[in-house]
Amino acid sequence: MKIMPCPLNGPRNISEFVHGGEVRDMPNPTTCSDKEWAEYVFYSDNQAGVVTEWWLHAASGYWFIAERHTVTDEIIRTYDPSEIFKARVEFSAESTAQEVSA
């Protein structure tokens, strides 16, 4: 059984977690092209070595960051996103409604 060390809930069975993709810089959703946004959402670097990834503990709904070696699948470190993200990204409901109606 593989164990993932959750920063909030402690060591848990890996089956309790969902992979959320690589941590990458998000383009500005109001100024980037559709291609740039699609590349951000759907593509990953898929590199061999240590990557920084989003993980979700499904039972508690807690998102956190893990550093994992993609070749050995070793989990090197897990931590709360507040260690690297200092501000929350807000999306305007008005701009989202305009895009949907267009």
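Out of region 45-71, which residues are of a type in the set (S, T, N, Q), over 13 Å from L8 (Cβ atoms) and outside any strand (DSSP E or B)? Once the filter is applied, which keeps residues that are of a type in the set (S, T, N, Q), over 13 Å from L8 (Cβ atoms) and outside any strand (DSSP E or B), region 45-71 yields N46, Q47, T70. Among the residues making up region 1-31, those that are farther than 14 Å from Y79 by Cα and out of contact with any Phe, Trp or Tyr (no Cβ under 8 Å at 6 or more places or on another chain) are M1, K2, I3, R12, N13, I14, S15, E16, D25, N28, T30, T31.
Which of the residues that make up region 21-36 are aliphatic (A, V, I, L, M) and either part of a strand (DSSP E or B) or closer than 18 Å to C6 by Cα (or both)? If the condition is that a residue be aliphatic (A, V, I, L, M) and either part of a strand (DSSP E or B) or closer than 18 Å to C6 by Cα (or both), then V23 is the only one that fits. Every test in (1) exposed (fewer than 14 other Cβ atoms within 10 Å of the Cβ); (2) assigned to a helix (DSSP H, G or I) is passed by E39 save one, and that test is (1). Tallying residues that are out of contact with any Asp or Glu (no Cβ under 9 Å at 6 or more places or on another chain) and surrounded by 15 or more Cβ atoms within 10 Å (Cβ to Cβ) within region 42-61 yields 2.
Of everything listed in (1) touching a strand residue (DSSP E or B) at 6+ places or on another chain (Cβ under 8 Å); (2) part of a loop (DSSP other than H, G, I, E, B), the single unmet condition for E90 is (1). Taking the criterion of being free of Cβ contacts under 8 Å to residues at least 60 places away in the same chain and under 18 Å from V89 (Cα atoms), the residues of region 12-35 that qualify are G20, G21, E22, R24, D25, P27, N28, T31, C32.
The rows are residues; the columns are (1) over 18 Å from the mean Cα position of the chain (by Cα); (2) at pLDDT below 95.
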residue: L56; (1), (2): no, no
residue: S60; (1), (2): no, no
residue: W63; (1), (2): no, no
residue: E67; (1), (2): no, no
residue: T70; (1), (2): no, yes
residue: T78; (1), (2): no, no
residue: F85; (1), (2): no, yes
residue: S95; (1), (2): yes, yes
residue: E99; (1), (2): yes, yes
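The values are calculated or read from the model by the stated rules, or taken from the named source; none is laboratory data. Please read all numbers here as calculations on a predicted model, not as lab measurements. Cβ coordinates were reconstructed from backbone atoms using ideal geometry, including for glycine residues, and neighbour counts include every protein chain displayed.
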